[in-house]
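A quick write-up on the structure given underneath.
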Ligand code: FES
Ligand code: FES
């Protein structure tokens, strides 16, 4: 399991080991204290619908995807139409990758596919078969922030934080390709990522901060 | 260890570690066991009768749990509420959560599907058969008000939603007094707020406890709780609203939406957790829009540039229904029409029109950007008419420093201000004289440089309850734990504004603890006492003040305890860094943890003192606050392409005292970009049949990083007397100030082409035509 940090104990729902992605283990986000009750009530009903759907789906409705996410190889059976972002978020439970437009236009869903920044909302999970994915959760190194993450924190490169994971992944790739980006390079380099909050200036500062740090 | 003073410092945000590592929990990140996904069937027509809805195929699909229509839900769920219906001639439409007989805009929900995953839910939506009888639609507000127009509501006389009039002084006398009178039409196009996180709702009902938990991406968890409880018929204390991490709002999440009640109802009815996440397309169709006013201004002036009168005759397009604050928004335009000028004779005549579009409501600035745009464009028009420098017209009409508190012609009382210092500083920072010289030189070369000014004043810190549709006060609780750590419960709901940091700074200095020892809790109605929420640049000015007042009560008690423990007189106790010491005898002191431990032990109490260390305060502001500033934009417009190159952007803002300069700068940067977005790029376009032509980020131009230069920010500080911190609020200043600056700059650049006004957005095509002899479209 990749690092999910502070998310509430990862606990698979019982009796859901099957080939259907609906039946993949369900993970709990950080829940409020009333959670045990919610869990109990929801579970009994959940399993019955899931089973119903599972039995009606033929084996060949699902395809096997072998994928490495944040250094850990995993195998999932998913519907062919499953988007990569939904595999990452709903199946694997890594919710740091966000969805802001589902049309490749906002960049909130950006992840690294074999080191290239791609928009996971318009890739199918099957297209990532056999590939390596890095998400925001896998960017820091053993608890130490990636310089881009550090830059965003130092320079106030985020406000609501929703565009931030995608923006950071794009910036990380940018700095892999260009160690000394000018301000114009950075502005151009993140044009596929929309931020509605910051006005971008502090994001530029953050990337410059990271560039400097990475050169040192 | 002495605690450094943290107020005023560029302290890194304490909310960031979770956000930069993907560890935050937004609504869509919640997964409860057995959670179902909800998707809505939405009208593809702008105006149609619903003949029948056939849900059988959808219901039969594997994995579908339930399909409900308006007929199923509306008997149990009340309509979408509006808090501002107190207007003359108002016609308030019924607003069912799911349309039953008729749909009135594209995207209106009429059925909901519940399924075991989001894909199945979407499949099922496609299987719901709706038989529509399409009707003629009206999407133009002026046309909607014409006699004989298609009506949205058969039982209303017309499409006129309400009217509103405001008059200060005597506008007709002002016209008579004028040497010249000009008029100009201004269009404030419709905008989509577009937070990058769309709306989302999750709900779970615990039948044993009869308790509904509703997670919503909202700016107003408490108001939402009250309204949803009323709508779905639960006692309010049986509804817990949690606004988890919220990915931006800009006013569009200051609302109560149909989906919030429907999800609550479904969770209760099905007794299982449900979740709905809005798609971007749905967000364009069924999340409120902003602006959309179209008005004619008549302006009287003296030959020396003195403005003698301002008349605004406006039609506001409110869309098809009232959302929470829809009717209130254009009235804010009226109140702020005078801007920072002494305009004694001023009037607004407002007619609001129903059209077959999504409702308008609060979008960053909410009514005030329209006012600022009008008045800041007008001073430029006056300058143009009289052949004066726009700068001189501004100085001529400014409200002068010693007249504060200043009563405006529209009945407001501006708290404090010094418009000249901000202007002078901006002129100096921009080198205004130098820019004018450069402009003349470039014109000789056939290049078109434009310099635009905006000297805005805006209304913030909302606000006195008497002036607000749904209460304007705010609440705060400060709790000191037995170990001396501090927990704050605030009624506001930060979603990017950084109050987890700035509030901690205030508490740290106020109580003598480390910033990291302060925790700010918000957005959970079961944890936090009732509050109003985050909007109208009120978070710190009103919510912060409530917290400070509660903190002062705590501090008073701390001193009482310290005096008791140190056997000193309470008046001799003072806070020195992180210790409460006896005046003149600093070795004798106790820390907050010492005091709190003692207070929670419950023995050896000072006389007449209760144990524990927690206090609350509900703060009612006596007035709004009025930030101001000067923005200067320098643009070059390319004659061959019509493109606007923003070369420099200089801003001097005065938002009162500043708690964390880094956060204030961030707010201003973001605000400027949103204001420039309106000026240059953004527009929600509905065609004549009411179809949305700009329903994706492909068609609706969102501002991107490479559109802008580095903004040059500076500030002046004129504290407000309205709250003890002297802070005015900064959330909307950038948006309000920037739009006219850039429009004025572009129009200034195009002066050689005889251009006096161009309507936003200033797209290259429009400008190219004006510069190359064609008509503007
Ligand atoms: S969600 Fe993928 S680009 Fe917007
Ligand atoms: S920080 Fe909110 S969208 Fe970028």
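When residues in segment A:68-100 are screened for being at the interface with chain B (Cβ under 8 Å from one of its Cβ atoms) and away from ligand 2 (no atom under 16 Å from the Cβ), 9 of them pass. Just one of the numbered conditions (1) facing chain A (nearest Cβ under 7 Å); (2) surrounded by fewer than 23 Cβ atoms within 10 Å (Cβ to Cβ); (3) in contact (Cβ under 8 Å) with a residue 40 or more places away in the chain is not true of residue B:14: (1). Exactly one residue among B:290, B:249 is within 16 Å of ligand 2 (Cβ to nearest atom) and modelled with pLDDT of 95 or more, and that residue is B:249.
Rundown of residues vs (1) surrounded by fewer than 23 Cβ atoms within 10 Å (Cβ to Cβ); (2) within 8 Å of chain A (Cβ to nearest Cβ), yes/no style:
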| position | (1), (2) |
| --- | --- |
| B:20 | no, yes |
| B:25 | yes, yes |
| B:34 | no, yes |
| B:39 | no, no |
| B:42 | yes, no |
| B:56 | yes, no |
| B:61 | yes, no |
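Screening B:200, B:248 for residues that are within 12 Å of another protein chain (Cβ to nearest Cβ) and farther than 20 Å from residue B:40 by Cα leaves exactly one candidate, B:248.
Listed conditions (1) out of contact with any helix residue (DSSP H, G or I) (no Cβ under 7 Å at 6 or more places or on another chain); (2) crowded, with 19+ Cβ neighbours inside 10 Å; (3) not assigned by TED's automatic domain parsing to the domain that holds residue B:490 are all met by residue B:644, apart from (1).
When you look at residue B:228, is it without any contact (Cβ under 8 Å) to a residue 40 or more places away in the chain and surrounded by 24 or more Cβ atoms within 10 Å (Cβ to Cβ), yes or no? Taking the combined requirement at face value, the residue satisfies it. Here residue B:656 fits the description: within 20 Å of the chain's Cα centre (by Cα) and more than 14 Å from chain A (Cβ to nearest Cβ).
Comparison of B:296, B:304 shows that the only residue that is out of contact with any strand residue (DSSP E or B) (no Cβ under 9 Å at 6 or more places or on another chain) and either over 27 Å from residue B:496 (Cβ atoms) or assigned to a strand (DSSP E or B) (or both) is B:304.
Comparison of B:109, B:134, B:93, B:88 shows that the only residue that is modelled with pLDDT under 95 and either touching a strand residue (DSSP E or B) at 6+ places or on another chain (Cβ under 8 Å) or buried (at least 19 other Cβ atoms within 10 Å of the Cβ) (or both) is B:88. So which residues in segment B:660-688 are within 13 Å of chain A (Cβ to nearest Cβ) and not in a helix (DSSP H, G or I), if there are any at all? Within segment B:660-688, B:660, B:682 qualify.
Taking the listed residues A:166, A:107, A:143, A:138, the one that is under 22 Å from residue A:69 (Cβ atoms), modelled with pLDDT under 95 and within 12 Å of another protein chain (Cβ to nearest Cβ) is A:143, with no other qualifying. Residues considered: B:434, B:411. Of these, the only one that is touching a helix residue (DSSP H, G or I) at 6+ places or on another chain (Cβ under 9 Å) and either assigned by TED's automatic domain parsing to the domain that holds residue B:755 or surrounded by fewer than 24 Cβ atoms within 10 Å (Cβ to Cβ) (or both) is B:411.
Taking the criterion of being more than 16 Å from ligand 1 (Cβ to nearest atom) and either within 16 Å of residue B:20 (Cα to Cα) or within 10 Å of chain B (Cβ to nearest Cβ) (or both), the residues of segment A:195-213 that qualify are A:198, A:199, A:200, A:201, A:202, A:203, A:204, A:205, A:206, A:207, A:209, A:210.
For segment B:223-230, the count of residues that are within 16 Å of ligand 2 (Cβ to nearest atom), at pLDDT 95 or above and outside any strand (DSSP E or B) is zero. Residues of segment A:98-148 that are within 14 Å of residue A:170 (Cα to Cα), near ligand 1 (Cβ under 9 Å from one of its atoms) and buried (at least 24 other Cβ atoms within 10 Å of the Cβ): A:98, A:106, A:107, A:108, A:109, A:110, A:119, A:120.
The values are calculated or read from the model by the stated rules, or taken from the named source; none is laboratory data. Remember, it's a predicted structure, so these values are computed and weren't measured experimentally. Note that we place each Cβ from the backbone using ideal geometry, even for glycine, and neighbour counts take in every protein chain shown.
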